[in-house]
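Only the coordinates and a few stated rules stand behind these numbers; no lab work does. Everything quoted here is computed from the prediction, not taken from an experiment. Cβ placement follows ideal geometry from the backbone for every residue including glycine, while neighbour counts extend to all protein chains displayed.
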Amino acid sequence: MAANFVVYLAIFTFTAAFSGALASDPDLLQDVCVALPSSSGGVKVNGFACKDDANVTAADFFFDGLAKPGLINNSVGSIVTAANVEKVPGLNTLGVSLSRIDYAPGGLNPPHTHPRATEMVFVLDGELDVGFITTANKLVSKTINKGEIFVFPRGLVHFQKNNGDKAAAVIAAFNSQLPGTQSIPAALFTATPPVPDEVLTKAFQLGTKEIDKIKSKLAPKN
């Protein structure tokens, strides 16, 4: 009996450690691995190949794009400025990134997911209604103000809405160098090739005309 318990404990410990290792980006195996753009050729890997150490500079670890508000020029009233490995090559293999999100009065960051990261937002200015939906379809929501934080668990659908009459902004932190973002409306109604109408009409219990109307409103502007 004791021997079986030891075996079960060993299996549990290994499983927990293995699961934890997969919870975020893999650990780095060297001091730095500055991302070599994929346009440079070579074998595609999970992440980016490393730049030659001799060519690494401070610029690989610097980005000033979050210092000022982003320009909001869309119908939802928000803009995301990412500081991920595509903007900061030095983040490669480090498993972290940031974004700045700016909201016009009444602006919305529409329901979306990050398949590779948990997100934590810190409010720079304003007041936001935020929330996420669990796999049991429970909405977990709260109003957050300047200086406060809120966490969105990895992979769950979430949103932020500025219900105030002033602009708002947050800094978002992720435990991935490239968390990925999948907007729910855009994924369903602007995919290429498109999701079949018979799928959308049945899923949303709408007619083809209504589906076409939604698609026309969400279609990228030329």
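Laid out as a table, the results:
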| item | result |
| --- | --- |
| Low-density loop positions, trypsin sites (Lys or Arg not before Pro), the stretch 144-221 - DSSP coil, at most 16 other Cβ in 10 Å | Lys146, Lys166, Lys221 |
| FRET efficiency, Ala167 to Ala191 (Cβ-Cβ, R0 25 Å, nearest 0.05) | 0.20 |
| Radius 9 Å from Cβ of Phe189, net charge of other residues (Lys, Arg +1; Asp, Glu -1) | +2 |
| Cα-based Lys pair tally, the stretch 137-222, threshold under 21 Å, eight or more apart or on separate chains | 12 |
| For the stretch 126-186, Kirkwood radius (reciprocal of mean inverse C-alpha pair distance, Å) | 12.9 |
| Intensity falloff of the stretch 139-222 expressed as log10 I(q)/I(0), Debye formula with alpha-carbon point scatterers, at q = 0.16, 0.17, 0.18, 0.23 Å⁻¹ | -0.89, -0.95, -1.00, -1.14 |
| Cβ-defined net charge surrounding Leu178, 9 Å radius [Lys, Arg +1; Asp, Glu -1] | -1 |
| Partners for Lys51 among aspartates and glutamates (Cα-Cα distance below 16 Å; same-chain residues under 8 apart left out) | Asp31, Asp60, Glu86 |
| Two-decimal log10 I(q)/I(0) for the stretch 29-171, as the Debye equation yields it once each C-alpha is a single scatterer, q = 0.09 Å⁻¹ | -0.35 |
| Relative contact order of the stretch 69-222, pairs being alpha-carbon contacts under 8 Å that are 6 or more residues apart, as % | 27 |
| Linear extension gain, Ser141 paired with Leu206, 0.36 nm per residue minus alpha-carbon span | 20.6 nm |
| Charge context of Glu210, other residues only, Cβ under 15 angstrom, K/R +1, D/E -1 | +2 |
